[in-house]
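Engineer: First the structure, which I've put down as structure tokens, then a few questions once you've had a look.
No value in this document is a laboratory result; all are computed from the given coordinates. These numbers were taken from a predicted model, which means no experiment stands behind them. Neighbour counts run over all protein chains shown; Cβ positions are idealised from the backbone, glycine included.
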Amino acid sequence: MGDPLPRAFFDRLSEEVAPDLLGRVLERSSPEGTVAVRLTEVEAYAGPLDSASHAYRGRTDRNTVMFGPPGHAYVYFTYGMHYCVNLVCLGEGVPAAVLIRAGEIIEGREPAMARRPRSSVRDLARGPARLCDALAIDRTLYGADVCDRESPLRVLPGEPATEVRTGPRTGVTSAKDVPWRFWIDGDPSVSPYRLHTPARRRRVSG
């Protein structure tokens, strides 16, 4: 599928990078084999300018990779059971990221199904937690350089999407009407939109 996308691709505002990621390929190598997904849904988060971002209140042990160079993976644990992966944007010291929400498995279906044996093919990477399960993404990949061809987690050029839609982000408590969720129109792997439920005051954000 070629070399990974260059670092300059990520050295932009997250709301510019996000729609441009649709149709690209997130590839994960592991001892069980390589699994690749065509990205179909993402969300942009703008760091200290964005009250829904993990970096809104500054640097912490959890989000420190967001303050580093672009093109690295920010992986975090949420709801006490799931991992989510974001791709860091902009330059050092300016935290911003794109949450990877969903994708279509295009390579490595067998290891992905072994990790999610109860999922249909459509649902293997439909949603940020399922995607991380299918690709075996966890904290060991925190800070992984997705622009390095030798990295276990890479973003490849793929075929940029042309039918892109945008709308409010899902599941966040703050800035929930910001239209920075982007998805490929009509793709069956896109996760269903969910309004925030006040009783669950947690965020799935970057």
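Engineer: Tell me, F77, F182, F9 in order of fewest to most beta-carbon neighbours within 10 Å?
Structural biologist: Lowest count first: F77, F9, F182.
Engineer: Report the paramagnetic label zone for I106: residues of region 156-188 whose backbone N is under 12 Å from a point 7 Å from Cα along the Cα-to-Cβ axis.
Structural biologist: It comes to 156-162, nothing else.
Engineer: Just to check, using Stokes-Einstein with a Kirkwood Rh over alpha carbon pairs, what's the diffusion coefficient of the chain at 37 °C and 0.692 mPa s in µm²/s?
Structural biologist: On the way: Rh = 16.5 Å.
Translational diffusion coefficient: 199 µm²/s.
Engineer: Separate question: Just how far, in whole angstrom, is region 115-147 from region 23-89 if you go by their alpha carbon centroids?
Structural biologist: Answer, in whole Å: 12.
Engineer: Just add up the charged neighbours of V155: K/R +1, D/E -1, any other residue whose Cβ is under 13 Å from the Cβ of V155. List each step's numbers first, then the result.
Structural biologist: Working: positive: R7, R24, R28, R38, R149, R154; negative: D3, D20, E27, D145, D148.
Neighbourhood net charge equals +1.
Engineer: Can you give the local net charge around R115? Use residues other than it whose beta-carbon is closer than 13 angstrom to its beta-carbon, Lys and Arg +1, Asp and Glu -1.
Structural biologist: 0
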